[in-house]
Structure formats: C-alpha cells, structure tokens
1. Could you compute how much accessible surface residue 160 exposes when probed at 1.4 Å, giving the result in Å² to the nearest 10?
2. Which semi-axis lengths, in whole Å and largest first, follow from the square roots of five times the eigenvalues of the Cα gyration tensor of the range 84-185?
3. With a sphere of radius 14 Å drawn around the Cβ of residue 157, what net charge do the other residues whose Cβ falls strictly inside it have (Lys, Arg +1; Asp, Glu -1)?
4. Mind counting lysine pairs for me in the chain? Cα separation below 20 Å, and the two need to be 8 or more apart along the chain or on different chains.
5. Taking every pair of distinct Cα atoms and averaging 1/r, then inverting, what Kirkwood hydrodynamic radius in Å comes out for the chain?
6. Residue by residue through the range 143-153, which ³J(HN,Hα) values in whole Hz follow from phi under the Karplus form 6.51 cos²θ - 1.76 cosθ + 1.60 (θ = phi - 60°), with glycine and proline marked x?
7. Per residue Cα convex hull volume for the range 46-121, in cubic angstrom?
8. How much accessible area does residue 150 have with a 1.4 Å probe, in Å² rounded to the nearest 10?
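The values are calculated or read from the model by the stated rules, or taken from the named source; none is laboratory data. These numbers come from a predicted model, not from an experiment. Ideal geometry is used to build each Cβ from the backbone, glycine not excepted, and the neighbour counts take in all protein chains shown. The area values use the complete protein model at the heavy-atom level, side chains included, leaving out ligands, DNA and RNA. Shrake-Rupley method; radii C 1.70, N 1.55, O 1.52, S 1.80 Å.
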Amino acid sequence: LTVNGASRRLGNPNLKPELQKEFEAGFEAQLFKKKLGLDFTVYTRDTEDLITDAPLDPATGFGVTRINIGRLNTKGIELAVTATPVKLNNGFQWDIVANWSLYRSIVKELGSGLSQIQIDGFTDIGNFAIVGKPFNVIQGSKIERLNGQRVVDANGDWLFSDDIGIIGNPNPDWTSTLINTFSWK
C-alpha cells in the first residue's frame with residue numbers, strides 16, 4: 001500500500017551545521033590484574049548553532065521546521081567502574097560495569113535577540129530553550145501563591161495564575177547504569 005501526502009515538516013534552506021568544541025580530562029586505571037578498573041572524566045562542551053525542531057503555526061500548512069539556536073554549554077562528570085568478581089578455571093566469568101554521570105546544559109544565547117524559543121508543545125506551554133536556564137525546561141501555567149503558599153478555591157482546587165513560567169526541568173539530576181555479564185568459555 002502506497003500513501004501519498006505532504007510532509008508536515010517545512011524545510012529550512014538557511015540551516016547551518018551544528019558545531020561542538022569540547023575539552024575533556026580524566027584518568028583510567030586497572031588494578032588487581034585487571035579485576036578492577038576505574039575511568040573518571042570531566043568535560044565542558046560548547047555547542048554553537050544547535051539544531052532543534054521548532055513548532056509552526058498550523059495555519060502555515062506545516063507543523064514543524066528545523067532551526068539553529070545560539071549557543072549551549074554543557075558541563076559534566078562521568079565515572080565508570082569495571083570489576084570481575086568471579087573468574088574460574090572452567091571458563092566461567094562474571095563481569096560488572098557500573099556507570100554514573102552528571103551533566104548540566106545551560107542555554108548561553110539564542111541569537112537574533114531572542115530570550116526564549118519553544119522546542120516542543122503548544123502556543124506558550126511546553127518545552128523551551130531560555131537564555132540562562134537549563135535546555136528544555138518546561139513552561140506552563142503556574143499555581144497562584146499568596147505569601148509562598150498555594151491558593152485554593154472553594155472546591156479545594158488550586159487556582160492558576162495568569163502568568164506562564166517555568167514549572168519543571170525534565171533533565172535528570174544524574175544517570176546510572178549497572179550491567180552484569182555472565183560468560184562461560
């Protein structure tokens with residue numbers, strides 16, 4: 001079955017390549033006849049002309065286009081530990097790899113004098129790149145507050161402010177992975 005249709009993506013003839021500059025430092029060590037390994041890295045990465053999708057008003061006949069946005073700085077730490085707790089003469093071996101990482105990506109500039117660009121969502125609610133904030137923060141209707149306390153109506157429901165603001169950060173505080181591998185011969 002062949003279906004013909006128009007793309008919802010509007011091409012961008014002015015799209016430039018995304019460029020990254022990175023500085024990384026670290027160390028790697030193997031101990032106890034390679035039964036324990038450590039790998040530690042710190043880095044900083046500057047991304048210029050970041051390529052991202054930008055939603056379009058449906059009245060244009062398209063839903064999305066790709067654009068370049070200013071500069072993004074990411075700083076991070078990565079730690080990996082490898083271990084072989086069991087290695088038998090019959091060929092059985094148990095290997096463990098544990099990874100832990102932390103990174104922070106901050107929007108440094110957007111270009112063209114913009115202070116924010118919507119990355120995903122609808123109208124003024126969704127994920128945004130905002131200068132000075134983590135990349136991809138969530139903006140939406142904020143809960144009305146009085147003296148720092150949330151305001152509720154007569155039904156016990158929160159009252160929402162007319163102001164749109166940052167209501168969340170989808171970026172993880174840190175990530176980790178644990179891999180166990182069992183092999184025989």
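1. Around 120 Å² of this residue is reachable by solvent.
2. Equivalent ellipsoid semi-axes, largest first: 47, 21, 11 Å.
3. Around residue 157, the surrounding residues sum to -1.
4. Within the chain, the lysine pair count is 14.
5. Numbers: mean 1/r = 0.0477 Å⁻¹.
Radius from the Kirkwood sum: 20.9 Å.
6. Result, rounded to whole Hz: 7, 4, 10, 10, 6, x, 9, 5, 9, 10, 8.
7. Details: hull volume 12.4 nm³, N = 76.
About 163 Å³ per residue, rounded to a whole number.
8. 120
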